[in-house]
Amino acid sequence: MSDPLLKVKKKLQDEITALEHELNLELPKELMKARAHGDLSENAEYKYAKERQGFVSARLGQLKKRMGDLGMLNLSNLPTDRAGYGSRVKLRDLAKDTDIEYKLVTSEEADASQGMISTTSPIGRALLGRRVGDEVKVQTPAGIKEFEVIRLQTIHEDS
């Protein structure tokens, strides 16, 4: 099975590379240029560059942690009979008697307009571990929604 997380990892790595370039090359130049203007206490360019440096550094930490988390994700450990990452889940909205289908993905891949919801979203979290026939209650910003799982296709069947 090819790694379905490859695109996500590449996107994260590209952002890490760009931020490291900014942190190690561009920001030091901006700081040196701002220092050359003299008094640092009223130097907006210096203050901005220092703030940006802090932001970039924090974002790099988040991205590297996320890469580590994704690296530890073993797709062969995902359930074959219950909803998990990569599963396509067809639900019946019990209040409206309509059907909707979602694919459970990482937060980086999520696109609600394409039916791709994050496993960390309220509906995504509620669907994890569910089987066909299970009823699911989800607290959403619009109120409590009730669904029934009517079809499930796991990542193992998708490839």
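Numbers below:
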| read-out | value |
| --- | --- |
| Candidates Y48, Y85, filtered to the one that is aromatic (F, W, Y) and closer than 30 Å to Q153 by Cβ | Y85 |
| Inter-residue pairs, beta-carbon under 9 Å, first touching a residue at least 40 places away in the same chain (Cβ under 8 Å) and in the range 43-66, second open to solvent by 70 Å² or more (accessible area, probe 1.4 Å), 6+ apart | L63/Q13 |
| Spans of helices (runs of 4 or more DSSP H) in the range 1-86 with at least 1 residues closer than 21 Å to E109 by Cα | 6-21, 44-72 |
| Residue within the range 101-108 that is touching a helix residue (DSSP H, G or I) at 6+ places or on another chain (Cβ under 6 Å), assigned to a loop (DSSP other than H, G, I, E, B) and not small (G, A, S) present | yes |
| Residue in the range 76-87 that is farther than 30 Å from I144 by Cα and open to solvent by 80 Å² or more (accessible area, probe 1.4 Å) present | yes |
| Out of K29, K64, K10, sole residue that is within 30 Å of E157 (Cβ to Cβ) and open to solvent by 90 Å² or more (accessible area, probe 1.4 Å) | K10 |
| Residue count, the range 101-153 (criterion: among the aliphatic types (A, V, I, L, M) and in contact (Cβ under 8 Å) with a residue 40 or more places away in the chain) | 6 |
| Subset tally (residues that are surrounded by fewer than 11 Cβ atoms within 10 Å (Cβ to Cβ), in a strand (DSSP E or B) and on the phi < 0 side of the Ramachandran plot) for the range 132-153 | 2 |
| Residue in the range 124-131 that is modelled with pLDDT of 85 or more, part of a loop (DSSP other than H, G, I, E, B), buried (at least 17 other Cβ atoms within 10 Å of the Cβ) and in contact with a strand residue (DSSP E or B) (Cβ under 6 Å, 6 or more places away or on another chain) present | yes |
| Sole exception among (1) buried (at least 18 other Cβ atoms within 10 Å of the Cβ); (2) not in a strand (DSSP E or B) for H156, by number | (1) |
| Residue, most open to solvent (accessible area, probe 1.4 Å), within the range 93-114, restricted to residues that are among the β-branched types (V, I, T) and closer than 19 Å to L128 by Cβ | I100 |
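The values are calculated or read from the model by the stated rules, or taken from the named source; none is laboratory data. Keep in mind that what you see is a predicted model, and the values were worked out from it rather than measured. Heads up, the Cβs are rebuilt from the backbone with ideal geometry, glycines too, and the neighbour counts pull from every protein chain shown. Areas reflect the complete protein model, heavy atoms only, side chains present, ligands, DNA and RNA absent. Shrake-Rupley method; radii C 1.70, N 1.55, O 1.52, S 1.80 Å.
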